Amino acid sequence: SQQGEEDPQALSIQEGENATMNCSYKTSINNLQWYRQNSGRGLVHLILIRSNEREKHSGRLRVTLDTSKKSSSLLITASRAADTASYFCATDRGPGGYNKLIFGAGTRLAVHP
Amino acid sequence: DVKVTQSSRYLVKRTGEKVFLECVQDMDHENMFWYRQDPGLGLRLIYFSYDVKMKEKGDIPEGYSVSREKKERFSLILESASTNQTSMYLCASDRGSTINQPQHFGDGTRLSIL
């Protein structure tokens, strides 16, 4: 089952611009995570936000979570060519779900020099 | 840093073969996961293990089995490979204990079934 759905599917920007990606989900969650994947590589964890948090920052990354709308956004400020990658949101499955995550289909971000 | 190592980056097999994908993590993590990744579908969970010899089916277990005889190693087995199992396979681990854990991924195995 696919819970997280990212929007847009693809995003193309110039270096220095900000990139915003959105994620929507369907059921109650304990946490939402964002991951990054460079072409042909595994996923790298970026940030985890708990259901009782509204915003979290890590370097140039800012994540917001709105549980009433079941949505999250990832903002990358002052983007660089090295930020070119696919970005995925993932949610847990609620109580008793261990840490099994449900991933969305991802947003492909291209940052042009 | 946690390291999750998948034994092969690329693998080509024939239909009907029994295929083994190996994954090793070096951080004494409790949980290990196998996903497959297909374009437009994101990652889908195949199997999950929360302890040695303990396993649980994920969302798409059909045609797969797993083995976890040692804590650090989690194997995915394609019992009789078929062309629709051509995909990117990703292994991940986390330290368990609570649900709010990041997962750590290997670099993936791109498997082609001919």
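The values are calculated or read from the model by the stated rules, or taken from the named source; none is laboratory data. Only a predicted model underlies this, so the values are computations on that prediction, with no experimental measurement involved. Cβ sites come from the backbone with ideal geometry, for glycine too, and all protein chains shown count toward neighbours. Keep in mind that these areas ignore ligands, DNA and RNA; they rest on the heavy atoms of the full protein, side chains included. Shrake-Rupley method; radii C 1.70, N 1.55, O 1.52, S 1.80 Å.
For B:Tyr64, the conditions (1) open to solvent by 40 Å² or more (accessible area, probe 1.4 Å); (2) in contact with a strand residue (DSSP E or B) (Cβ under 6 Å, 6 or more places away or on another chain); (3) of a type outside the set (Asp, Glu) all hold with the exception of (1). Scanning the range B:23-35 for residues that are open to solvent by less than 20 Å² (accessible area, probe 1.4 Å) and at pLDDT 95 or above yields B:Cys23, B:Gln25, B:Met32, B:Phe33, B:Trp34, B:Tyr35. Taken across the range B:46-64, residues that are within 11 Å of chain A (Cβ to nearest Cβ), over 25 Å from A:Arg93 (Cα atoms) and in contact (Cβ under 8 Å) with a residue 40 or more places away in the chain do not occur at all. Only a single item in (1) open to solvent by 40 Å² or more (accessible area, probe 1.4 Å); (2) more than 11 Å from every other protein chain (Cβ to nearest Cβ); (3) of a type in the set (D, E, K, R) is not met by A:Asp83, and it is number (1).
Is it the case that B:Thr83 is touching a helix residue (DSSP H, G or I) at 6+ places or on another chain (Cβ under 7 Å) and either open to solvent by 70 Å² or more (accessible area, probe 1.4 Å) or aliphatic (A, V, I, L, M) (or both)? Spelling it out, it is not the case that B:Thr83 is touching a helix residue (DSSP H, G or I) at 6+ places or on another chain (Cβ under 7 Å) and either open to solvent by 70 Å² or more (accessible area, probe 1.4 Å) or aliphatic (A, V, I, L, M) (or both).
Scanning the range B:88-100 for residues that are free of Cβ contacts under 8 Å to residues at least 24 places away in the same chain and either more than 8 Å from chain A (Cβ to nearest Cβ) or of a type in the set (S, T, N, Q) (or both), which turns out least open to solvent (accessible area, probe 1.4 Å)? Top of the filtered list is B:Asn100. Listed by position, the strands (runs of 3 or more DSSP E) inside the range B:13-114 whose residues that are more than 24 Å from A:Ala105 (Cα to Cα) number at least 1 are B:19-25, B:42-51, B:54-57, B:64-70, B:73-78. Looking only at residues of the range B:9-22 that are exposed (fewer than 14 other Cβ atoms within 10 Å of the Cβ) and within 14 Å of chain A (Cβ to nearest Cβ), we find that the one that is nearest to B:Arg73 (Cα to Cα) is B:Arg9.
Name every residue in the range A:37-79 that is without any contact (Cβ under 8 Å) to a residue 40 or more places away in the chain, polar (S, T, N, Q), touching a strand residue (DSSP E or B) at 6+ places or on another chain (Cβ under 8 Å) and assigned to a loop (DSSP other than H, G, I, E, B), in order of residue number. The answer is A:Ser51, and nothing else. Under the condition of being more than 25 Å from B:Phe33 (Cβ to Cβ) and in a loop (DSSP other than H, G, I, E, B), which residue from the range A:1-26 is least open to solvent (accessible area, probe 1.4 Å)? Across the range A:1-26, the extreme among qualifying residues is A:Pro8. Looking across A:Ala105, A:Ala90, one residue alone is open to solvent by less than 60 Å² (accessible area, probe 1.4 Å), in contact (Cβ under 8 Å) with a residue 24 or more places away in the chain and not in a strand (DSSP E or B). It is A:Ala105. Would you be able to say whether some residue in the range A:27-41 is away from chain B (no Cβ under 12 Å) and either under 12 Å from the mean Cα position of the chain (by Cα) or over 22 Å from B:Gln37 (Cα atoms) (or both)? Checked against the condition, which is being away from chain B (no Cβ under 12 Å) and either under 12 Å from the mean Cα position of the chain (by Cα) or over 22 Å from B:Gln37 (Cα atoms) (or both), the range A:27-41 yields at least one hit.
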